[in-house]
Amino acid sequence: MIVGTPIGNLGDLSPRAVEVLGAADVIACEDTRRVRQLLTHCGISARGRLITVNDHTEAGAVPGVLERLEAGETVAVVSDAGMPGISDPGEQLVSAAAAAGHVVQVVPGPSAAVAALVVSGLPAGRFAFEGFLPRKGRAREERLAALARDRRTTVVYEAPHRVRDTVADLLVACGPVRRIAIARELTKMFEEVWRGTCEGAADHLAGTEPRGEFVLVVDGAPEPPPPDAGAVEAALRTLMAGGADKRSAVALVAAQMDVSKREVYEVAIRLS
Ligand code: SAM
């Protein structure tokens with residue numbers, strides 16, 4: 001059983017999560033001290049049922065967990081906060097247990113990504129979850145460039161000591177007027193959601209040393225301006241004069257000019 005736990009406010013632990021944690025033969029967790037606190041909060045005894053499964057030990061823990069499942073035991077998997085598997089261990093256990101034919105169920109709980117997305121006020125109809133961006137180098141640049149082009153809202157996790165750098169990089173990649181929300185310490189005492197532009201966000205964070213847990217929610221790239229019919233027509237003429245058939249010329253121009261194939265096709269029809 002994959003069990004979601006609170007991202008701050010213990011009141012968010014669901015009654016079903018309490019029931020499942022109370023009944024499990026084993027609870028796989030990142031940090032035994034943290035989960036003990038949670039269990040104590042809901043009056044459940046750990047009774048020697050805790051095993052540690054963190055980023056470093058997850059792969060090695062898989063065979064032992066599979067053996068327990070084979071023996072008919074119930075294993076609950078929790079992470080330090082939120083949903084296991086979301087920038088947290090859990091994925092390998094689920095994948096191995098499912099591949100071995102075991103029933104894997106979920107007790108859904110809070111996740112900072114979804115909580116930040118819905119409170120950001122930014123479009124939530126389609127979104128991308130980026131987790132933590134690569135820390136540096138080409139991998140980071142490429143991911144920022146892809147994020148800047150993406151039309152979907154993107155959710156980014158960040159540590160307090162890196163959030164200023166990341167907002168500065170988002171400002172460069174997405175431009176000053178792209179909308180962004182900074183969700184901090186959600187469900188906790190110092191919960192705060194700041195909404196504005198990338199430029200405003202950099203100013204907002206400049207004042208004081210950022211503290212707490214952060215999620216950045218970045219608006220999608222704006223829709224491109226309507227295609228310039230003259231430019232589309234000229235590009236089609238050039239390609240077709242060079243021997244390209246209508247279908248491939250339409251596909252190429254649509255890709256090159258970031259215009260829908262349907263719109264390019266309409267221009268191509270007028271030409272022929
Ligand atoms: N599994 C978790 C989930 O479902 O949200 C995420 C774990 S990840 C290791 C931790 C990151 O989640 C933090 O660095 C922060 O970006 C985000 N986060 C977790 N709790 C948060 C909270 N209460 N408020 C804002 N962000 C939070």
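Of all the residues in the range 214-230, those that are surrounded by 13 or more Cβ atoms within 10 Å (Cβ to Cβ) and without any contact (Cβ under 8 Å) to a residue 40 or more places away in the chain number 2. When the residues of the range 1-24 are narrowed to those that are within 16 Å of the ligand (Cβ to nearest atom) and in a helix (DSSP H, G or I), which ends up least open to solvent (accessible area, probe 1.4 Å)? Restricting to residues being within 16 Å of the ligand (Cβ to nearest atom) and in a helix (DSSP H, G or I), the top hit is A17.
Is there any pair linking a residue in the range 114-134 that is free of Cβ contacts under 8 Å to residues at least 24 places away in the same chain and more than 11 Å from the ligand (Cβ to nearest atom) to one that is open to solvent by 70 Å² or more (accessible area, probe 1.4 Å) and not aliphatic (A, V, I, L, M), with Cβ under 9 Å and at least six apart or on different chains, and which? So the pair list comes out as G125/R152; P134/E141; P134/E142; P134/R143. None of S79, S87 is open to solvent by less than 40 Å² (accessible area, probe 1.4 Å), assigned to a loop (DSSP other than H, G, I, E, B), modelled with pLDDT of 95 or more and of a type outside the set (K, R) except S79. Of the residues making up the range 235-251, those that are of a type in the set (G, A, S) and either open to solvent by less than 50 Å² (accessible area, probe 1.4 Å) or within 23 Å of F132 (Cα to Cα) (or both) number 4. When you check R211 against the structure, is it in the same structural domain as A255 (by TED's automatic domain parsing) and either away from the ligand (no atom under 13 Å from the Cβ) or surrounded by fewer than 20 Cβ atoms within 10 Å (Cβ to Cβ) (or both), yes or no? Answer is no for this residue.
Surrounded by 17 or more Cβ atoms within 10 Å (Cβ to Cβ) and either free of Cβ contacts under 8 Å to residues at least 60 places away in the same chain or within 24 Å of S87 (Cα to Cα) (or both): does that describe T197? Answer is yes for this residue. Taking T154 as the residue in question, decide whether it is crowded, with 20+ Cβ neighbours inside 10 Å, out of contact with any helix residue (DSSP H, G or I) (no Cβ under 7 Å at 6 or more places or on another chain) and either polar (S, T, N, Q) or under 14 Å from A183 (Cβ atoms) (or both). Judged against the criteria, T154 is not a match.
Only one entry of R33, R47 meets the criterion of being open to solvent by 40 Å² or more (accessible area, probe 1.4 Å), under 25 Å from R184 (Cβ atoms) and away from the ligand (no atom under 16 Å from the Cβ), and that entry is R33. Under the condition of being open to solvent by 60 Å² or more (accessible area, probe 1.4 Å) and either aromatic (F, W, Y) or farther than 17 Å from V78 by Cβ (or both), the residues counted in the range 103-120 number 3.
Looking at the range 164-186, which of the residues that are over 19 Å from R135 (Cβ atoms) and open to solvent by 40 Å² or more (accessible area, probe 1.4 Å) is nearest to the ligand (Cβ to nearest atom)? It comes out as R184. Residues of the range 131-144 that are of a type outside the set (K, R) and open to solvent by 40 Å² or more (accessible area, probe 1.4 Å): F132, G137, A139, E141, E142. If you scan the range 50-81, which residues turn out to be within 16 Å of Q105 (Cα to Cα) and either within 16 Å of the ligand (Cβ to nearest atom) or under 25 Å from the mean Cα position of the chain (by Cα) (or both)? Answer for the range 50-81, where residues must be within 16 Å of Q105 (Cα to Cα) and either within 16 Å of the ligand (Cβ to nearest atom) or under 25 Å from the mean Cα position of the chain (by Cα) (or both): A76, V77, V78, S79.
The values are calculated or read from the model by the stated rules, or taken from the named source; none is laboratory data. Remember, predicted model here, so these are calculated numbers, not experimental data. Note: ideal-geometry Cβ built from the backbone for every residue, glycine included; neighbour counts use all protein chains shown. Side chains are part of the model used for accessible areas, which takes the heavy atoms of the whole protein and leaves out ligands, DNA and RNA. Shrake-Rupley method; radii C 1.70, N 1.55, O 1.52, S 1.80 Å.
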